[in-house]
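Some notes on the structure that comes next.
The values are calculated or read from the model by the stated rules, or taken from the named source; none is laboratory data. Owing to the predicted nature of the structure, the values given are computational and were not obtained by experimental measurement. Backbone-built Cβ (ideal geometry, glycine too); neighbour counts: all protein chains shown. Ligands, DNA and RNA are excluded from the accessible area calculation, which covers all protein heavy atoms including side chains. Shrake-Rupley method; radii C 1.70, N 1.55, O 1.52, S 1.80 Å.
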Amino acid sequence: MIGIEFYLIVSALMFCIGVVGVITRRNAIIVFMSIELMLNSVNLTFVTFSSFLGDSAGQIFVFFVMTVAAAEAAVGLAIIIAIFRNKLTVNLDEINILKW
């Protein structure tokens, strides 16, 4: 049987990869994918603790996180498409429409 440490290490690695993706990449699509990776690592942690503790509260939180992730993806992609239509780029360094 695989121990809880394995799942937590995998979750931590996924979260770190997501953080590195958000910090280092300038493409808005890649940043959204990295955020999704971080949310899924949190989901893995919730399910791991839920399974090992025998409590279903973690699995319920996973549904909330998945709902927020779906809404974030829908709204974020709509914003990116709108910006791409106006600016013809998804590079975050070149998008400065909120500056004075």
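Observations, loosely collected:
- Dividing the mean sequence gap of close Cα pairs (under 8 Å, 6+ apart) by how many residues the chain holds gives a relative contact order of 27 percent.
- Whole-Å semi-axes of the chain's equivalent ellipsoid (Cα gyration tensor): 33, 15, 8
- When only the Cβ of Lys, Arg, Asp and Glu is charged (+1, +1, -1, -1), the dipole of the chain relative to its Cα centre reaches about 440 debye.
- The value for segment 17-64 of Rg(Cα) / (2.2 N^0.38 Å) is 1.39.
- Normalised per residue, the accessible area of the chain is 71 Å², obtained with a 1.4 Å probe and no contribution from ligands, DNA or RNA.
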